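Bear in mind that the values in this text are calculations on the coordinates, not laboratory data. The shown structure was predicted, so the numbers you read here are calculated from the model rather than taken from an experiment. FYI the Cβ positions are ideal-geometry reconstructions off the backbone, even for glycines, and counts take in every protein chain you see.
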Amino acid sequence: MQRIMLATDFSERSDRALRRSVILARQHGAALEIVHVIDDDRPRRIVDHEVSDARHLLGEMARTLKDMDGVACTTEVLLDDPFAGILKAAGPPCPDLLVIGPHRRQVLRDAFVGTTAERAIRAVHCPIMMANGPPVGPWRHVLMTTDLSEQAGNALTRFLAAGIAGDAMRSILHVFDAPALRLAMSASMSKEGRHDYLEGLSREAWQDLAQFIARAGVGHAEAVVRHEETTAAREILKTAEVLNADLIVVSTQGKGAAARMVLGSVAQQVLRDAQCDVLVMPTVIV
């Protein structure tokens, strides 16, 4: 990993993203670029004032990082719609990683869907990391997730090849579905029948995950299988909590119906509710 970009709005939320970016830059010897986008669809005097303040803050930030952390960085102020500005800053050429701060959790109705973060994750063609957890050091345990598709395998292969997680312990999770339990007939299923049904699906899931690991070249990773008892996202979050994972890796599925990974429930809910960092790997590279 050679180039890390941080999109900051100077909020306390962005502080975590800044510290995580610094940790990664030092760990990988990567160049750090800090970008701030100012909405230019306002009166000129307001925009000019914000530009002056932003350049001053970025200058102070750069000096502090160099003096205190030994990390040199470049800074840039862009005038644009926040979403469009991030897209322009992030390429092409794309950075190896784009780091953003967590969304405003208190805004429940539109905390994620339609925000700049969600739109950027959908449109930017580089890995995007949302810094939710306390940035106290390199990640210790990475939880990779997969739906066993070829696209997910490609995304995880690129994630490992980039060395983003460093020497962290790795686990890989597959959440399997049990469709019969959602049907009306499940009410008439005996306890033993339900157990046998889930046992059969679990065995198949373990076999499928083992084949996926071998096929995708994921390497040394602890395999984990869970039944989608609630939702896939909740099972991912529960697994991360049990394993004490400090980074969750999910992947998008490109355009069309498969894009529900971001626009629908799974990645969206993980990003919204995770207490640890979340990395979204695109499956489509352009």
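Using mean Cβ contacts within 10 Å as the protection proxy, how do 20-29, 61-70 order, highest first?
Details: 20-29: 20.1, 61-70: 13.2.
Packing proxy ranking, top to bottom: 20-29, 61-70.
Expressed as cubic angstrom per residue, what is the convex hull volume of the alpha carbon set of the range 138-280?
Details: hull volume 16.1 nm³, N = 143.
Spelled out: Cα convex hull of the range 138-280, divided by residues, is 113 Å³.
What do you get for GluC sites (Glu not before Pro) in the range 122-230 restricted to DSSP loop and a cutoff of at most 12 other Cβ within 10 Å of the site's Cβ?
Working: sites: Glu150, Glu192, Glu199, Glu204, Glu222, Glu228, Glu229; in loops: Glu228, Glu229.
Those satisfying the criteria are Glu229.
Give me the Å³ per residue figure for the convex hull around the C-alpha atoms of the range 1-135. Don't skip to the end; give the middle numbers.
Details: hull volume 14.4 nm³, N = 135.
Hull volume over Cα atoms, normalised by residue count, gives 107 Å³.
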